[in-house]
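A short worksheet on the structure shown next.
The values are calculated or read from the model by the stated rules, or taken from the named source; none is laboratory data. Fair warning: this is a prediction, and the values are worked out from it, not measured in the lab. FYI the Cβ positions are ideal-geometry reconstructions off the backbone, even for glycines, and counts take in every protein chain you see. Surface accessibility is based on the protein's heavy atoms, side chains included, excluding ligands, DNA and RNA. Shrake-Rupley method; radii C 1.70, N 1.55, O 1.52, S 1.80 Å.
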Amino acid sequence: MNRLFACVASLLLTPALLPAADTVLTNRVLFIGNSYTGANNLPEIISQIAASRGRVLAYERAIRGGASFEDHCTKFGAEALIASGSWDAVILQNQSIQPVKDPTNMFSFGRRLCDAADDIGARKILYLTWAYAGPRDFMTNQLSARYSPRDVDILPVMQDRLNEAYGQLAYDTGADCAPVGPAFGLSRQMHPEWRLHADDNSHPGPAGSYLAGLVLYATIFRDAPTGATTVIQLPAEGTDAAAHARTIQIDATQALTLAEIARASVTNDVTSRRISKHPLANTTAVFTFPSLPQTLQARASDIRDTPCASLYYPRNYETNRAFPVLIHLNGGKGGDGRVPHEARIVSRERDFICMNLPLFKDELEPLRPDGSNEWSRLFIRDEDGDVIWAAYSVMLSNLFAAVPNIDRNNVFLGGFSNGGHVTAVLLNRRDLSVTNYATRFFFIEGGMRWTNAAPLARTARVIVLQGGKSGGREWLRRMYSNAVSNGVPAEFHVMRDTDHGFGREGRRMLRTWLYANLDTGTPRAIPASRPAASTNDLRIDAGFPGGNIIVERIDGDHIYVRQDLRDTTGWWFYWNFRVQGAAGRTLTFHFTNRNVIGTRGPAVSFDDGAAWSWLGTDMVHAVAEDPSFTYAFRRRDDCVRFAFAMPYLQADLDRFIARHSGDRHLAVHQLCTTHKGRAAERIHAGNLDGEPAHRVLLTCRHHSCESMASYVLEGILDAVLAPTEDGEWFRANVEVLAIPFADKDGVEDGDQGKHRAPHDHNRDYEGESIHPEVRALRTLVPEWSAGKLCVALDLHCPYINGKNNEHIYLVGSGNQRIWNEQCRFSRILESACEGSVPYRSAGTMGFGSGWNASGNFTPGKGCSRWTSELDGMRMSASLEFPYATAGAVTLTPDIARAFGAHLATAIRRYLE
Ligand SMILES: [Zn+2]
């Protein structure tokens with residue numbers, strides 16, 4: 001909260017940061033939300049505030065109880081509603097807890113709504129909601145149960161997480177953010193007497209809706225609501241409006257304060273992140289550990305969650321000096337590890353790398369029906385020590401490896417209540433492994449069973465903080481005395497502002513102790529174990545198959561690079577490079593020719609390109625003026641590859657062929673020799689006896705950079721060869737001809753392949769072909785077909801990002817007969833994909849829409865148009881499989897292969 005106060009102070013002093021008031025007097029606005037928008041008729045409150053400032057708000061409401069962005073998109077037709085009106089602005093409010101529980105879902109559907117607003121040129125305004133005022137009775141609330149029950153541990157960090165989710169969506173989509181939630185948090189501190197929440201701790205009361213109205217008014221009209229009306233006339237719910245008018249009256253002085261808060265709040269965290277000195281400063285990295293056991297919180301709440309730990313870089317973070325670490329463990333169920341909230345507050349977000357780990361427990365007693373053991377069953381005991389340390393040793397080694405400049409002499413670990421018990425349990429373990437990481441320990445209202453103090457004499461330091469508001473509670477003094485009598489330098493303090501809690505006084509005491517116990521006696525600017533790397537050791541290159549990069553310059557830890565366009569006319573986005581000699585360093589890679597980072601961040605490989613994963617977007621700075629990503633090389637990262645997407649090269653194809661070697665239903669022949677003398681393959685699969693009922697043609701990589709399409713092709717061929725019903729049917733009835741690399745030189749050389757001069761491989765199906773692969777294919781296929789070729793699919797990947805490029809789709813034919821067949825095939829494919837890969841028949845791009853128009857084909861005929869004109873062809877199409885994102889799903893090679901298997905199923909059902 002200190003952050004918000006600072007924010008208010010600075011903005012009140014610098015009103016220029018507020019968007020300039022313009023002359024907009026009327027706004028037509030569509031509200032999309034749920035009861036947080038509907039309660040007290042918020043749109044009408046804003047309308048009355050606007051009227052009192054001489055402005056007009058014309059509005060419509062799309063309000064559905066409990067609805068999320070996803071519900072609005074999939075059930076209530078919000079995109080069509082947006083498209084149907086000439087709105088100046090669309091206000092978007094998501095379900096209250098979903099941004100915390102499932103931000104990925106929020107991002108994908110929030111982006112759809114923002115895209116719809118972009119299509120009609122409307123402003124997008126995100127209505128950033130507030131944290132609950134206290135626990136809700138989740139057990140009786142079916143809507144909320146969808147988003148996991150009884151999650152009281154989330155409350156202290158709920159606002160931070162809401163800010164992060166809405167801030168990220170605003171950042172990604174260019175939407176404005178109306179920070180109602182931060183204004184709630186701030187006014188609850190400044191005016192705790194105001195009742196902003198309704199009795200359910202969730203919905204807004206009249207004052208809360210009024211505050212929301214002020215903030216939204218300021219954002220919609222870009223006008224400070226100073227002197228706005230404080231009297232709102234609203235119809236009481238469910239009654240005749242005129243007869244039962246209700247007045248919300250708030251003291252005028254208070255309203256002015258509220259207005260100032262609203263003004264000051266028209267900013268968001270993202271802005272401060274963008275202007276911070278170091279790209280990592282003031283950012284949180286969340287580490288996931290899918291192979292670790294479920295956390296105590298997940299088990300006690302009956303939910304499943306990927307175990308996470310988090311690391312926060314302070315505001316004054318930089319890489320040229322070492323930083324101490326503050327690890328705080330929460331009480332109760334311990335939280336989900338995603339936010340180092342308490343450590344940030346204690347350290348005031350300066351000087352310390354902050355970490356948070358969740359709690360783990362061995363045996364968890366079931367909850368008794370009467371709830372009498374609800375809390376006692378959570379207590380961490382010595383017998384939980386092995387389970388906890390097994391998880392912590394993995395988490396700590398990863399977190400510590402992520403930061404090259406940790407000051408290992410100054411690592412502080414401790415916790416509140418149950419987090420204090422965990423600290424005690426770790427210290428009671430005989431091997432004391434925890435001291436390989438931390439040597440300073442704090443206990444806040446917990447840890448009374450710590451007995452193993454003697455081994456820590458002279459090496460550790462300890463502070464014990466005990467609540468004492470009501471006096472006479474001396475329950476932790478014994479462990480403190482035991483520590484002192486064993487020679488451990490220890491302090492004991494009573495927090496007089498709380499009993500079982502951790503408030504302002506305790507935080508101040510802990511902060512003082514932290515700084516007093518920073519060991520500066522042996523200054524080690526950078527830990528000695530860090531390799532003495534100089535820029536001479538650092539090597540960045542593209543000298544391997546598929547490689548593509550131009551290194552412009554290296555400026556310390558900042559590398560400036562751009563994609564190599566070669567013979568591509570215009571702009572494209574493929575790159576793939578290798579970094580060696582960077583172990584232990586943190587490097588930022590800046591791209592100098594526009595943003596070429598995909599929707600899931602760069603792909604990364606640690607084994608010379610055999611296996612790939614997505615780096616994610618946490619360390620990506622996708623700003624238009626300086627797109628970049630940062631990577632902290634671990635000590636074992638001798639050689640790391642980064643690429644725009646997951647590459648698929650000759651070596652991958654060879655692995656695939658080797659996997660099926662000896663299978664008589666697979667034959668690999670040479671299609672032709674390429675320009676550069678390589679042998680391009682043609683693969684035959686299925687019924688190779690010469691008398692199949694049908695023939696099917698699959699082509700791939702007409703655009704050499706479109707690597708994800710190759711994994712789809714593998715999936716189809718795997719299905720044809722698999723010991724399944726589909727496989728048996730194919731091997732009895734179909735001969736498949738697959739061209740894995742229609743532009744083989746481009747694939748191996750790492751070309752863009754798209755828009756080659758004078759034309760690329762997919763515009764080479766007219767007149768005399770200039771590319772050997774295409775020339776060979778045009779000769780081979782009519783001959784091979786023998787009138788039995790009835791299905792042809794040309795596999796592609798779409799553009800880098802954007803709404804037409806983040807779902808899987810068929811490209812519609814301009815030929816009506818083929819189009820009808822495409823529609824039928826598409827419906828079959830959708831049902832084959834059901835419950836697995838997101839494929840929507842409705843996403844098919846009709847001829848004449850999007851980029852799929854005749855003007856785009858003037859440089860020459862494409863493969864799928866050529867196949868659609870072959871004798872006997874029933875269904876031919878280009879298929880676009882995105883590089884990284886399909887709807888809400890992050891794409892991987894495995895998902896692409898699974899989709900390929902569904903394509904095989906669909907082809908079978910279509911032909912049967
Ligand atoms: Zn393509």
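A few remarks follow.
- Boolean, Ser876 is in contact with a strand residue (DSSP E or B) (Cβ under 7 Å, 6 or more places away or on another chain), more than 22 Å from Cys705 (Cβ to Cβ) and within 16 Å of the ligand (Cβ to nearest atom): yes
- Residue-level check: of (1) under 30 Å from the mean Cα position of the chain (by Cα); (2) within 16 Å of the ligand (Cβ to nearest atom); (3) at negative phi; (4) not in a strand (DSSP E or B), Gly850 misses just (3).
- From the list Arg377, Arg344, the lone residue that is open to solvent by 10 Å² or more (accessible area, probe 1.4 Å), in contact with a Cys (Cβ under 8 Å, 6 or more places away or on another chain) and assigned to a helix (DSSP H, G or I) is Arg344.
- Test set (1) in a loop (DSSP other than H, G, I, E, B); (2) in contact with a helix residue (DSSP H, G or I) (Cβ under 9 Å, 6 or more places away or on another chain); (3) within 16 Å of the ligand (Cβ to nearest atom) - Tyr711 fails condition number: (1)
- Restricting region 753-772 to residues that are touching a Ser or Thr at 6+ places or on another chain (Cβ under 7 Å) and either of a type in the set (A, V, I, L, M, F, W, C) or assigned to a helix (DSSP H, G or I) (or both) leaves a set whose member that is farthest from Leu113 (Cα to Cα) is Pro772.
- Being of a type in the set (Gly, Ala, Ser), over 22 Å from Ile800 (Cβ atoms), in contact with a strand residue (DSSP E or B) (Cβ under 6 Å, 6 or more places away or on another chain) and not assigned by TED's automatic domain parsing to the domain that holds Phe107 holds for only one residue in Ala685, Ala658, Ala610, and it is Ala685.
- Elements of the type strands (runs of 3 or more DSSP E) sitting completely within region 611-682 and holding at least 3 residues that are within 36 Å of the chain's Cα centre (by Cα) and of a type outside the set (Val, Ile, Thr): these cover 628-632, 639-643.
- Ile739 vs. criteria among the aliphatic types (A, V, I, L, M) and within 16 Å of the ligand (Cβ to nearest atom): yes
- Here Arg763 qualifies as among the basic types (Lys, Arg), within 16 Å of the ligand (Cβ to nearest atom) and buried (at least 19 other Cβ atoms within 10 Å of the Cβ).
Yes or no, residue by residue, for (1) under 23 Å from Lys754 (Cβ atoms); (2) aliphatic (A, V, I, L, M); (3) part of a helix (DSSP H, G or I):
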position	(1), (2), (3)
Leu697	yes, yes, no
Ser704	yes, no, no
Ala719	no, yes, yes
Pro723	no, no, no
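- Index of the failed condition, Asp743 passing every other in (1) more than 34 Å from the chain's Cα centre (by Cα); (2) open to solvent by less than 30 Å² (accessible area, probe 1.4 Å); (3) within 29 Å of Asn687 (Cβ to Cβ): (1)
- With respect to (1) β-branched (Val, Ile, Thr); (2) open to solvent by 50 Å² or more (accessible area, probe 1.4 Å); (3) within 16 Å of the ligand (Cβ to nearest atom), the lone exception for Ile770 is condition (3).
- Test result for Phe441, touching a Pro at 6+ places or on another chain (Cβ under 9 Å) and within 28 Å of Thr319 (Cα to Cα): no
- Leading residue by the ranking (farthest from Phe881 (Cα to Cα)) among those in region 782-837 that are assigned to a helix (DSSP H, G or I) and within 16 Å of the ligand (Cβ to nearest atom): Asn804
- Residues within region 830-846 that are farther than 16 Å from Asn805 by Cβ, buried (at least 18 other Cβ atoms within 10 Å of the Cβ) and of a type outside the set (Gly, Ala, Ser), tallied: 3
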